[in-house]
1. Residue-wise, which Karplus ³J(HN,Hα) couplings in Hz belong to the stretch 128-139, taking 6.51 cos²θ - 1.76 cosθ + 1.60, θ = phi - 60°, and x for glycine or proline?
2. Ignoring ligands and nucleic acids, what accessible area does Val212 show with a 1.4 Å probe (Å², nearest 10)?
3. About the Cα centre, and with charges only on the beta carbon of Lys, Arg (+1) and Asp, Glu (-1), how big is the dipole of the stretch 1-53? Nearest 20 debye, please.
4. Keeping all protein chains in place, calculate the accessible area per residue for the chain (probe 1.4 angstrom), answer in Å².
5. Going toward the positive end of the dipole of the chain, with +1 on Lys and Arg Cβ and -1 on Asp and Glu Cβ, which of Met262, Leu112, Gly124 do you reach last?
6. Protein chains only, probe 1.4 Å: how do Lys184, Lys156, Lys290 rank by accessible area, largest first?
7. Please calculate the 1.4 Å probe accessible area of Tyr143, with all protein chains present, and give it to the nearest 10 Å².
8. Leaving ligands, DNA and RNA out of it, report the carbon-plus-sulfur percent of the accessible area of the stretch 2-223 at a 1.4 Å probe.
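The values are calculated or read from the model by the stated rules, or taken from the named source; none is laboratory data. In this text the structure is predicted, and so the values were computed from the model without any measurement. Every residue, glycine as well, gets a Cβ built from its backbone with ideal geometry; the counts of neighbours run over all protein chains shown. Heads up: the accessible areas ignore ligands, DNA and RNA and are worked out on the full protein's heavy atoms, side chains in. Shrake-Rupley method; radii C 1.70, N 1.55, O 1.52, S 1.80 Å.
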Amino acid sequence: MHTATLLKATGRVDLLRAGIWKPRTRPGAFQGVGEIGLRWLSEVKKNLDIPVTTEVANAAHVELCLKYGVDVLWIGARTTVNPFSVQEIADSLRGVDIPVIIKNPLNPDLELWIGAIERLHEAGIDKIIAMHRGFSYYGKGLYRNKPMWEIPIALKSQFPELPVFCDPSHICGRRDILEQVAQKALDLGFSGLMLESHHNPDRALSDAKQQVTPSDLVSMLDRLNVRSNDTLDPILTSNLASLRADIDKIDEEIIQLIAQRMRIAEGIGDYKREHNMTIFQLDRYMEILKTRSELAKELGISEEFIRKYLEQLHKESIRTQTKVMNYKY
Ligand code: PEP
Ligand code: MN
């Protein structure tokens, strides 16, 4: 209630999240207070006039949330991975009009995320928000969960009308990089943020390292730049259009050059065949990788990007050179 009061006072929070049932990796960790917490949530709602949301993992959770008037439900990453659980939740919501947030599954599987969205949609839920919270990986790294931004972006491109939010708290698992990840989400056009806050973060019973105080939350929100994806200002619009025209021209040139490169590769393939030489020649490939990576580095292009690009180019070049052989397998 104390945290909720502070958050309400910021005037910046549209929906208050609080986990009543917490899926924890190891038994023995704090697993949430259960049903009594729903009473606290309804008090928050009544006294502070702020809508509330909590995580549901089965039909019994849904039933209790509906009984206590929870405004929005959220399906956690550990539940989205399981179609049985998602279906159970969807079935328990038939005929109910309530918004549902669907977090991405733990593993980087876009189809599984889409599947969960479809199950809820087919049960008649028409207010759905997808929540990007990053993906599990083995070992330790910068993030608690790897963002793999391309996955939520692919989701958005397939379903342009679907609001996609970001949960930087679970991506980061720590406070110090939260702001940058939140800014990146806004720069990429996400429609909302879920951020964890606690009046005394170090004493939070779950995920203490990623919690921020309500006042730190507000300072961070104040520093964030909320971008809009279109503008009515004619000067901005025309500047943008001219920059885009430059990009269009460059892309066209790149594609023309790749086509030209493929034609030459095909010619080399014919020549190699006539002279009974192998198509793949390791030395040559190594030389290409080395010289191109050096040039890219000099020009400030990421090594990983150029390596991936060269691999694709080489693969296609080999395919072009072996095309005439009509291999079946
Ligand atoms: C949470 O939001 O507290 C939570 C458990 O998240 P996730 O399902 O993304 O791990
Ligand atoms: Mn959490």
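1. Listing the rounded values in order: 10, 10, 8, 10, 8, 10, x, 10, 5, 8, 8, x Hz.
2. Rounded to the nearest 10, that gives 10 Å².
3. Here the size comes out at about 180 debye.
4. Details: 19940 Å² over 329 residues.
With the other protein chains kept in place, the chain gives 61 Å² per residue.
5. Leu112
6. Lys290, Lys184, Lys156
7. Accessible surface of Tyr143 is approximately 70 Å².
8. 52 percent
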